[in-house]
Structures are given as C-alpha cells and as structure tokens.
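In what follows, a single structure is set out as structure tokens and then discussed.
Laboratory data are not the source of any read-out in this text; all were calculated from the coordinates shown. None of the values given here were measured: they were computed from a predicted structure. A quick note on method: Cβ atoms are made from the backbone with ideal geometry, for glycine too, and the neighbour counts reach across all protein chains shown.
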Amino acid sequence: MTDENRRRNIADELARAEQAFQAARTLVDVGLHADSISRSYYAAFPCLRALLLSRGLEAKTHAGALHVFNVEFIRSGLFASSHNRLLAGSERSRELADYDAAITFSRKDADAALRDAEAFRADVVAHLRREKWTT
C-alpha cells in the first residue's frame, strides 16, 4: 500500500467515525441509550483502524485490532494503557447493548460512552497529525 493510499484510507476511516459520532449524539439526545452506546463504539473503532493503517497494519477482527493496538501503541508507550481498557470495555458494552435485551442503559451511561470515544478519537487524531498522516 502506498503512502497516498494509506492517507486516503485513514481519511475514509475518520469520516466513517464522524458519521458514527453524529449518530451516537443524535441517539442519546432522543433517549435511545443502548443504540447510542453501540454507535459510540462504532465511532471509536474506525479511529482505531485509522491508527493501525498509519503503520500499514490491518486486523481481521475487532479482538485482533485491539491486540495489535496493544502491541504497537500501548506497549511502546505511544498511548496510555487506559485506552486499551476503554476500548475493550466499550466493545463489551456494545455487545450488551446490541444483544442483551435485559440490559438497560441510562443517559449517564450513554454520555460516558460517547465522551470516552471522543477522547480516544482526539488522541488518535493528534497522533496522526504528529506523524503527518492527516492535517
């Protein structure tokens, strides 16, 4: 993959993330908290994919992406280990929101999930800017 292709793919992932962030905000505002939590995870995940692409890496699964993130970015000290825990917790909340009808989420839960995803995006975008992958 050329650097230009990587830049384009990174931009595409960040654009997808922005759409998911808009959806998550809208869903929380209309009281669809479980759906907002799911969208918050799916807003953070393309940011993670963009980060991996900056290293020329791709993962076939969500668990694989988290593993590569841990190896490449957490262990090297580029990102705080709290991001790994946040992403894993966010994935688990998304699974519950999507597949367990007995679990309910509050506005506070949805707001926290959205804030966490936005904080992760901010750190990813800052890193990508430092590394000259985006402006």
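Points to keep in mind about this one:
- Of all residues in the stretch 1-24, those being in contact with a helix residue (DSSP H, G or I) (Cβ under 7 Å, 6 or more places away or on another chain) and not aliphatic (A, V, I, L, M) number 5.
- Qualifying positions in the stretch 37-62 - touching a residue at least 24 places away in the same chain (Cβ under 8 Å), over 24 Å from residue 104 (Cα atoms) and among the small types (Gly, Ala, Ser): 50, 54, 56
- Any hit, the stretch 15-24, residues being touching a Cys at 6+ places or on another chain (Cβ under 7 Å) and either under 22 Å from residue 89 (Cα atoms) or free of Cβ contacts under 8 Å to residues at least 40 places away in the same chain (or both): yes
- Within the stretch 93-135, if we keep just the residues that are among the basic types (Lys, Arg) and under 20 Å from residue 72 (Cα atoms), the residue that is surrounded by the most Cβ atoms within 10 Å (Cβ to Cβ) turns out to be 121.
- The lone criterion from (1) under 14 Å from the mean Cα position of the chain (by Cα); (2) more than 26 Å from residue 130 (Cβ to Cβ); (3) assigned to a loop (DSSP other than H, G, I, E, B) left unmet by residue 104 is number (1).
- Residue selected from the stretch 108-117 under the condition within 11 Å of residue 25 (Cα to Cα) and of a type outside the set (A, V, I, L, M), by the criterion nearest to the chain's Cα centre (by Cα): 115
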